[in-house]
Amino acid sequence: MKKTTLALGLLALLSFSPAAQAAPAPQLTYHINLNERTDDHFRVTLEVKGLKAQNNIYQFAATAPGTYQTMDIGRFVRDFKAYDKKGRELEVKQISTNQWQLSKPEKVRKITYRIAETWDTPVDKNKIYGMCGTSLEQDHALINGQGVFGYVQGLQAAPMRIKLEHPQEWLVGTALHKDAKGFYMADSYDHVVDSPIMLGRLSKAQTTYNGTTIDIYTYSKTDKIKSQDLLANMTNMLGAAHRFVVDFPVDRYTFLYHFEDQDWGAWEHSYSSGYVMKEAELTPAYAQQLTDIAAHEFFHIITPLNIHSEVIEQFNFVTPTPSQHLWLYEGTTEWASDMMQLRGGLYDLPTYLKDLSEKLRFDDKMDKSYSLQKLALSSYTPEGQAQYINIYNRGAVTAALLDIRLLELSGGKRGLREVINELSKEYGPKKAFPENEFFDLFTAKTYPEIGDFFNRYVKNAEPLPVAEYFGKLGLHYTPAQKTGKKTTTLGYSFDFNAGNIVFANVGEEAKALGLQPNDVLVAFDGTPITLENVSQELSKLRQLKAGDSYTFTIAREGKQQEVKLQLLEKDEVIKHLFAVNEQATPQQVALRSSWMKNL
């Protein structure tokens, strides 16, 4: 007790000593003018004082956590200027795509710039995913932090406050908290990027679930979808999620839904998630699709919020640095989003197994020599981007197999869910795991055999033991089975590479007609193809019959040409079939029973 008192007294003395006082941190106050929206530009003003000589670079993001794509936000910046306290303009110089150099940082009191929204601004390459971008329209705005804000070099971790100037009738949806003066407060630049903002003509719904406040904000272009309807469809999923993770590790969570003409998907954050989906009638099927996506994004409150590598704790916005544990952040999360619904009664077993079959069929289209570790480490390259989406398929199946293996080794007492929950408590938002030691840490926490599993199926790309592992649960797995019927086939598939739609898995018949792997799709039957219309236009292929002809305009080695193809025919084969083994042993049935419930 005396040692504590003495220490506190010494600290008190030091706190009044001029030599011990730290220099005051620079104050960063951002103003975003959303009242002027005619030219698709956000108008940003940063009020700042206290900069030092080393704070001479203003940095825009090259990428952002969880996107695994090059963004180069500096491409969208216009009229970047700096001023001193008397309003005199100071010299600034753009020294790279994403960096502006301040000539006299000590004198800077204000920085202003315009930044174009990403949705409607054409770029030659590296088009930014819609759910990760920005939009500014007459009745709403979407702000993802890295698409509007930058930071001063050396101050990435400094607190920020943000004032949004917008029409009075607009609602604002964000996980950021607002102070008494109307400023939204962020702990750091990372926090701003982790906290998207949607505002405008929105609907709102709110509920409290086991101590966690759930907010849903929705923009629907023609008001077909309301927040209250989304909440009603999501309630059972939230209950299943709560039982899966035991306790939500956040006291507040915000869902931001944007329904208009684009269909991009979703982006997870620690305390919120953003969705950019095509507006449609909220049928039961569409409601289930939205809930499935929300289940995935919501589980990110565990990974990576509570379980993450030191590589992404303070993100490198200048030079993207991948983490090899994408299998954990995305693959395990996708597995959990399905398993929480199976174990929560939202899925029955046939529905879950059908989803698993679809993931395996998707994996068939990808490069099977690409390990999950390689996919993660190459995720910022064009080669890795072409394989990236498989993390939600092969990655989820691998997590499912890991869960079965852990249950087997523990006698049905401890699966992947239990280990993830333990790791969540051991680490948490403020404690990262060491990037290069996590496989060993996970193995030490479980069984030596798990180290072999990681070596074979995560670090390397050995064929997944689907039949063997699901057989342990008394479930039959058949890789392929002919039906005796004929079906149509394209003879190729599509990939995305550096913002282009390219042809992959081109068969011999398609090659004979002039198509080659890595040809870039330009037009279909004369209609130019973009990332925005590709799904709608190529869906017309389903209306063709075997032997029907169609024409692609493709680009190859910088030159365009037309290739005339026809819909092909082949023997119908159903792949990746699961069925319950009616002769399963008591041991298999017991393990399946453990697998079907939260332990």
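The values are calculated or read from the model by the stated rules, or taken from the named source; none is laboratory data. Just so we're clear, the structure is a prediction, and the values are computed from it rather than from any experiment. Cβ: placed from backbone, ideal geometry, glycine included. Neighbour counts: every protein chain shown. Remember, those area values only see protein heavy atoms, side chains included, never the ligands or the DNA or RNA. Shrake-Rupley method; radii C 1.70, N 1.55, O 1.52, S 1.80 Å.
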Would you please classify the overall shape of the range 111-196 from the alpha carbon gyration tensor, given that a ≥ b ≥ c denote the square roots of the eigenvalues, rounded means a/c under 1.5, and beyond that prolate means a/b larger than b/c while oblate covers the rest?
oblate
Hey, what do the phi angles of the range 352-358 turn into as Karplus ³J(HN,Hα) couplings, whole Hz, using 6.51/-1.76/1.60 and θ = phi - 60°, x for Gly and Pro?
4, 5, 5, 4, 5, 4, 5
Please turn the phi angles of the range 48-64 into ³J(HN,Hα) values with the Karplus equation 6.51 cos²θ - 1.76 cosθ + 1.60 (θ = phi - 60°), one per residue in order, whole Hz, x for glycine and proline.
8, 8, x, 6, 10, 4, 6, 8, 9, 10, 9, 10, 9, 6, 7, 7, 8
Once amide H atoms are built 1.01 Å from N in the peptide plane, which residues 5 or more positions from residue 110, or in another chain, come under 5 Å H to H?
48, 83
Over the range 46-145, volume per residue of the alpha carbon convex hull, in Å³:
122
Would you grab the residues whose amide H sits under 5 Å from the one on residue 433? Only those 5+ places off in sequence or on another chain, please, with H modelled 1.01 Å from N.
308, 309, 310
accessible surface per residue for the chain, probe 1.4 Å, DNA/RNA/ligands not counted, whole Å² -> 45
Over the chain, what is the relative contact order in percent, taking alpha-carbon pairs closer than 8 angstrom and at least six residues apart?
10
If every Lys and Arg gets +1 and every Asp and Glu gets -1 at its Cβ, then about the Cα centre the range 329-488 yields a dipole, in debye to the nearest 20, of 420
Give me, ordered by chain and number, the residues 5 or more places off residue 57 or on other chains with an amide H under 5 Å from its own placed amide H.
102, 153
Per residue Cα convex hull volume for the range 244-294, in cubic angstrom?
86
The range 381-452 and the range 149-171: distance between their alpha carbon centers, rounded to Å
36
Ordering 371-377, 34-40 by per-residue average of other C-beta atoms within 10 angstrom, highest first, gives 371-377, 34-40
Using each residue's phi in the range 154-164, evaluate 6.51 cos²θ - 1.76 cosθ + 1.60 at θ = phi - 60° and report the 3J(HN,Hα) Karplus result to the nearest Hz, with x for Gly and Pro.
x, 10, 4, 8, 7, x, 10, 10, 10, 10, 9
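Where the only charges are on Cβ atoms (+1 Lys, Arg; -1 Asp, Glu), what is the dipole of the range 527-578 about its Cα centre, to the nearest 20 debye? Walk me through the numbers before you get to the answer.
Details: 8 positive and 8 negative charges, 7 e Å.
Roughly 40 debye for the range 527-578.
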So, with a 1.4 angstrom probe, what is the percent of accessible area on the chain that is carbon and sulfur?
50
Which peptide among 434-440, 320-326 comes first, and what is the full order, when sorted by highest mean count of other Cβ atoms within 10 Å?
320-326, 434-440
Row for the chain, column shape: gyration tensor on C-alpha, a ≥ b ≥ c, rounded if a/c < 1.5 i.e. under 1.5, prolate if a/b over b/c, else oblate; value oblate
Of 352, 128, 97, which is farthest towards the positive pole of the chain's charge dipole, taken about the Cα centre with +1 and -1 on the beta-carbons of Lys, Arg and Asp, Glu respectively?
97
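Hey, what did the range 389-508 get for relative contact order, percent, Cα under 8 Å, at least 6 apart? Before the final figure, lay out the partial values.
Working: 72 pairs, mean separation 21.4, N = 120.
For the range 389-508, the relative contact order is 18 percent.
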How large is log10 I(q)/I(0) at q = 0.11, 0.18 Å⁻¹ when the Debye formula is applied to the Cα atoms of the range 435-523, each weighted equally and without solvent?
-0.66, -0.94
Let me know the shape class of the range 516-594, please: from the alpha-carbon gyration tensor, a ≥ b ≥ c as square roots of the eigenvalues, rounded when a/c is under 1.5, otherwise prolate if a/b is greater than b/c, or oblate.
prolate
Dipole magnitude of the chain about its Cα centre (Cβ charges: Lys, Arg +1; Asp, Glu -1), debye to nearest 20:
1400
In Å, what is the Rg of the alpha-carbon atoms in the range 353-474, and how long is Dmax?
15.0, 43
